[in-house]
Each structure stands twice: as structure tokens, then as C-alpha cells.
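**Q** Got a structure here, written out as C-alpha cells. Questions coming.
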Amino acid sequence: MCGGGRYDGLADDIGGVHVPAVGFAVGIERILNALEAQGEEIAPPETLDVYIADLDNNAASAAAAFNLTVQLRAMGFRVEQDLLGRSLKSQFKQADRLLAQFVVIVGGEEFQSGKVAIRRMADGEQSILPLTDVKSFLLENEL
């Protein structure tokens, strides 16, 4: 399930200088399988309530995304936000990996008029609503 040791000669072997080193690896899947075989219950991954995607990656949209993240977290929602300036496609992939229930898209033409897009990840349904209505929308959708 896991292993490791000293690898002092590894850098020498591949043409580098001698460097003292240690390393290890753990087979997470094997550990989970062993726990399951012993009858241990493994908790399912936690879902994320909201992922905030920044379409424009400029100061105004970043500030709005950050403020919304802070407000939603203060209300008890589990929220993550893109801070790496990734493409919208990459942000949706990240939201999917994090099991987000909703993605709020800040930016684009809607943002210029004070609105955001909000997409339900389960069915892809998307709505455009005022930024000020996001909190009530999420509360109405029983998150």
C-alpha cells in the first residue's frame, strides 16, 4: 500500500550531482479498498454549493467575484472561486471536479448591466439574474 526509502544515488544515476534524498508513495485506492474490505464506511466526497467563475479576469469582475464569495461563505455556503485566471472551460471542469451544484459566471455583457449567469450543474439549466439576487436564488434552491 505504501513504500519508500532513501534515494541518495538516484541523481548520480541519471547524470546529476550526488544529493541526499528520501521519497515515498502511497496507493490511496489500495488503502480505500482495504478499508472497505474491513467493513469501514468511507464517506462520500463533499459537494460544493457554488463555484464562482470569472469570465473577464479583470479588476471589476474579480472584485465582484471575490465579494460574492465572501458573502456566500458568510451565509454558510461552501464556495470556491477561480483565482488562476483560467479559461471558462477550465473553470467549468474545475467546478465539475469539485462537485459544485451551481456555477455563477461573473463577467461578459451581463456583468456590464449588473447581472450574472448561474448554471445548475446537474441539468445545465442556466438563468441570468441581477448580481444582488444570487443569494436569494441559492436559498430558494435549498442549498
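**Q** Which condition does V50 not pass, out of (1) touching a residue at least 60 places away in the same chain (Cβ under 8 Å); (2) over 23 Å from L99 (Cβ atoms), if it passes all the others?
**A** (2)
**Q** Would you check if there is a residue in the range 93-104 being of a type in the set (S, T, N, Q), assigned to a helix (DSSP H, G or I), open to solvent by less than 60 Å² (accessible area, probe 1.4 Å) and over 15 Å from F137 (Cα atoms)?
**A** First pass over the range 93-104, keeping only residues of a type in the set (S, T, N, Q): 94, 101.
After this cut, where a residue has to be assigned to a helix (DSSP H, G or I) as well, the list is 94.
If we keep only those that are open to solvent by less than 60 Å² (accessible area, probe 1.4 Å) as well, we get 94.
Now drop any that are not over 15 Å from F137 (Cα atoms), which leaves 94.
Yes, the conditions are met somewhere in the range 93-104.
**Q** Oh, and also: I'd like to verify a number: residues in the range 4-50 that are open to solvent by 60 Å² or more (accessible area, probe 1.4 Å) and either more than 35 Å from the chain's Cα centre (by Cα) or among the basic types (K, R) (or both), how many?
**A** 11
**Q** Could you list, in sequence order, the residues of the range 59-82 that are open to solvent by less than 70 Å² (accessible area, probe 1.4 Å) and either in contact (Cβ under 8 Å) with a residue 40 or more places away in the chain or in contact with an Asp or Glu (Cβ under 7 Å, 6 or more places away or on another chain) (or both)?
**A** If the condition is that a residue be open to solvent by less than 70 Å² (accessible area, probe 1.4 Å) and either in contact (Cβ under 8 Å) with a residue 40 or more places away in the chain or in contact with an Asp or Glu (Cβ under 7 Å, 6 or more places away or on another chain) (or both), then A60, S61, A62, A64, A65, L68, L72, F77, V79, D82 are the ones that fit.
**Q** Going through the range 105-120 one residue at a time, which ones are assigned to a loop (DSSP other than H, G, I, E, B) and over 15 Å from L88 (Cα atoms)? Give the derivation first.
**A** Step one: list which residues in the range 105-120 are assigned to a loop (DSSP other than H, G, I, E, B), which gives 107, 113-114.
Across the range 105-120, the qualifying residues are S113, G114.
**Q** Select, from G85, G107, G114, the only residue that is under 14 Å from A53 (Cβ atoms), over 13 Å from the mean Cα position of the chain (by Cα), modelled with pLDDT under 95 and exposed (fewer than 13 other Cβ atoms within 10 Å of the Cβ).
**A** On the way: G107 fails: exposed (fewer than 13 other Cβ atoms within 10 Å of the Cβ); G114 fails: under 14 Å from A53 (Cβ atoms).
From the options G85, G107, G114, the qualifying one is G85.
**Q** Going by the structure shown, is A53 surrounded by 12 or more Cβ atoms within 10 Å (Cβ to Cβ) and within 27 Å of E142 (Cβ to Cβ)?
**A** Values: surrounded by 12 or more Cβ atoms within 10 Å (Cβ to Cβ): yes; within 27 Å of E142 (Cβ to Cβ): yes.
Yes; evaluated as a whole, the condition is true for this residue.
**Q** Which condition breaks for D123 when tested against (1) open to solvent by less than 80 Å² (accessible area, probe 1.4 Å); (2) assigned to a loop (DSSP other than H, G, I, E, B); (3) at pLDDT 90 or above; (4) among the charged types (D, E, K, R)?
**A** Single failed check for D123: (1).
The values are calculated or read from the model by the stated rules, or taken from the named source; none is laboratory data. Owing to the predicted nature of the structure, the values given are computational and were not obtained by experimental measurement. All Cβ positions, even for glycine, are placed from backbone atoms using ideal geometry, and neighbour counts span all protein chains on display. Just so you know, the surface numbers come from the protein's heavy atoms only, side chains and all, with ligands and any DNA or RNA stripped out. Shrake-Rupley method; radii C 1.70, N 1.55, O 1.52, S 1.80 Å.
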